[in-house]
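Every number in this text was worked out from the coordinates using simple rules, so none of it is lab data. Remember, predicted model here, so these are calculated numbers, not experimental data. No Cβ is skipped: glycine too gets one built from the backbone with ideal geometry, and neighbour counts run over all protein chains shown.
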Amino acid sequence: MSQARGNSALLQAPRLLRALVRADEVWLAMLAAVVGVFGGLGVVLINAITVRLHIALFALPAGQGLSEAPFLDPRRAILVPVLGGLVLGASMWALAKLRPRNLVDPIEANALYGGRMSLVDSLVVAAQTAWSNGVGASVGMEAGYAQFGAGVASWLGQSFSLRRNDLRVLVGCGAAAAIGGAFNAPLCGAFYGIELIIGVYSIATLPFVVIAALAGTLTVQVLGWATPPLAVTLPASVPHDEYGIVIIEGIACGLAGIVIMRGVTLIEAMFRRSNIPFWARPALGGLVVGLLGCLTPKAMSSGHSALHTYIDVSFPFLVVLGILLAKSIASAFSIGAGFRGGLFFASLFLGALFGKVFGGIMGVLPFVSHMPAGFYAVVGMSGLAAAIVGGPLTMTFLALESTENFSVTMAVLTAAIAATITVRRLFGYSFATWRFHLRGEQIRSAVDVGWIHSLTVGRMMRAAPMTVQQQMSLAAFRQEVPLGATQRVIVTDENGRYAGIAYPAEAFTVTGEGRSVAAILRHAKYFLLPGMSVKEALGVFEEAEADALAVLDGPETRQVLGLLTEQYALRRYNEELDRRRRELSGE
């Protein structure tokens, strides 16, 4: 059973409800609203846990976030992340013994498994994220929020036996509700679900995702955990000549995002090459975070509270640069050492700091118009987040809804697009898809490619039409296989192992006595395996320049299982592509 399908807690909804949800979009919309409520509840629950952990472990006054604290007790700043890392490492070691498989996140679930996720695994990820942030690790909370919302959505969708495409949409709804509730920004949440979790925008999916994002945001608001708007000074309008500077800042954000993602990878590789047991690595990462936290608490936690407190506060240039470096190192070591979390929340604070640094540089140039520092901070916040996380529209709506200022929206969108193009051109991955790449998964987005993996050679092949041995003489072959009887014949050696393919027409063009079938063999080095996907098979066809290839049980045994033609593989591939297109467009 697939790791994404191991859901022992799955319950079947009543048959009538399953039929209604599958047949009527109104009922599916109601299910999306229910998912949205659960996504909002997950945000409130995770936030409540982390806030209480911060207060208890770091002796913070009520109402003060960890990263906004002016200073911390050095003993707590160091010991809490170290001991918290040990606890996390021990739990991960025990979990690896009990459940030895990768935990599937929403992007991977939608790309490979048709939206199927394990609810238990999702709760584990949410708990690990809350704990990692609670002990001060510099990680974002979005991993826990989105995992919880998407996990519950997948569990409900499987309970209602939703079709593959509907289940993928519902998983996007769960993530959208969680992010919308976390930022008090339903449009941001909706486009997070569309751009990053579903992977494709369509009119057929948008209503359900928006409904879920609204329900999640309203749930968080009703329960009193809504995030207030950013208190930042912004210009009433952005001069046209400022857009050149905005594009430069966006490109710089893209370059900075690549450096940060590469930095996380280098630290992960450093830990892997060391002899340090993986359960002890979070403690060492916690030590680095704790030491940086002694210098500035802004390096700890996700930085969300520091963003709201200090985004409009002016600091000396070198101080801002120092905080930016400290936060970048803390985030890289936290994730590289194994703390659970993401870079979405952290990248927002890093982007705001980067924008302040960029604004400080622009402020000393005589030929540049002097804009408020908060303007560069907001543009940098969205630009760096778009570079690392992806989703330029997601970050644009986040800036719009969090600042409640429409005048900077065009500038933010410009920077986000510039950053995204820079990363795609020079790097090619977002942070999530880069980590999939390092694991060997060819996932560039949440677009559904799982059907390609399920459309295998073993499912498409047909029985071999005829088989002969390569020692057979051509004269006997001509009598055995008359011209026009078949287009191709599979040839084996004396041990029954695949030797190649013979075309009967060629047997009649070869002259000379004593010649055997071996003289007309083709494609001896090229064959297919039953586990290959249709895309892999088409690649082999192209390389071999063949219109048909034998399917073997393995490269060593070389026993013939069947035959697959390129024409049939292309037809099945195009049929599936067309079916997916019609599903996405709502036809």
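For the reader, a short list of remarks on this structure follows.
- The range 357-390 and the range 199-273: distance between their alpha carbon centers, rounded to Å: 15 Å
- Averaged over residues, the count of other Cβ atoms within 10 Å places the peptides 319-326, 139-146 in the sequence 139-146, 319-326, highest first.
- Between residue 494 and residue 314, the contour length at 0.36 nm per residue exceeds the alpha carbon distance by 56.5 nm.
- Once you reduce the range 14-55 and the range 283-302 to the center of their Cα atoms, the two points are 34 Å from each other.
- Environment charge at residue 216 (Cβ cut-off 14 Å; Lys +1, Arg +1, Asp -1, Glu -1): -2
- Arranged from fewest to most other beta-carbon atoms within 10 Å of their beta carbon, 566, 575, 108 become 575, 566, 108.
- Dividing the mean sequence gap of close Cα pairs (under 8 Å, 6+ apart) by how many residues the range 453-581 holds gives a relative contact order of 28 percent.
- Nearest-ten-degree value, helix 281-295 long axis tilted from longest Cα axis of the chain: 30 degrees
- Ranked 493, 24, criterion: other C-beta atoms within 10 Å, fewest first: 24, 493
- Phi-derived couplings, Karplus 6.51 cos²θ - 1.76 cosθ + 1.60 at θ = phi - 60°, listed residue by residue for the range 61-77: x, 4, x, 9, x, 4, 6, 8, 4, x, 7, 10, 4, x, 5, 5, 4 Hz, with x used for Gly and Pro.
- Summing charges over neighbours of residue 29, with a neighbour being any other residue whose Cβ is under 14 Å away from its Cβ, gives -2 when K and R count +1 and D and E count -1.
- Here is how the number arises for the chain: DSSP H runs of 4 or more residues each give -39500 (n - 2.57), the sum is divided by the residue count, and the result at 222 nm is -19500 deg cm²/dmol.
- Given +1 at the Cβ of Lys and Arg, -1 at the Cβ of Asp and Glu and no other charges, the dipole of the chain around its Cα centre is 1220 debye to the nearest 20.
- Top positive-direction residue, dipole computed over the chain with Cβ charges, set 283, 200, 454: 283
- D (Stokes-Einstein, µm²/s), Kirkwood Cα radius, the range 195-249, 0.692 mPa s at 37 °C: 215 µm²/s
- Distance (nanometres) between label positions extended 7 Å along Cα→Cβ at residue 96 and residue 478: 6.7 nm
- Nonlocal amide H pairs with residue 67, under 5 Å, H built at 1.01 Å: 303, 305, 306
- Report note on the peptides 300-311, 268-279, 77-88: ranked by the mean count of other C-beta atoms within 10 Å, highest first, their order is 300-311, 77-88, 268-279.
- Dipole of the range 240-438 [Lys/Arg +1, Asp/Glu -1 at C-beta], most positive-end residue of 410, 390, 429: 429
- Residue 276 paired with residue 508, simple spin-label distance in nm, labels 7 Å along Cα-to-beta-carbon: 7.4 nm
- Under the criterion of Cα pairs below 8 Å and six or more residues apart, the relative contact order for the range 3-227 equals 30 percent.
- Relative contact order (%) - criterion: Cα under 8 Å, at least six apart; region: the chain: 16 percent
- Here the gap between residue 519 and residue 79, fully extended at 0.36 nm per residue and compared with their Cα-Cα distance, gives a gain of 150.8 nm.
- For the chain, the longest principal axis of the C-alpha atoms and the axis of helix 142-159 are separated by about 50°.
- For the range 95-199, the alpha carbon positions stretch 39, 37, 19 Å along the principal axes, listed from largest to smallest.
- Here's how it looks for residue 469: its modeled amide H is under 5 Å from those of 492, which are all 5 or more places away or on a different chain.
- Rounded to the nearest 10 degrees, the inclination of helix 373-389 to the longest alpha-carbon principal axis of the chain is 20 degrees.
- Listed by Cβ neighbour count within 10 Å, with the fewest neighbours leading, 516, 369, 118 appear as 369, 516, 118.
- Residues whose amide H lies under 5 Å from that of residue 532, counting only those 5 or more places away or on a different chain, are 457, 458; hydrogens are built 1.01 Å from N in the peptide plane.
- Cα-Cα pairs of the chain separated by more than 39 Å (percent): 38 percent
- Rounded to whole numbers, the Karplus 3J(HN,Hα) couplings from phi for the range 460-465 are 9, 5, 10, 4, 4, x Hz, using 6.51 cos²θ - 1.76 cosθ + 1.60 with θ = phi - 60°, and x at Gly and Pro.
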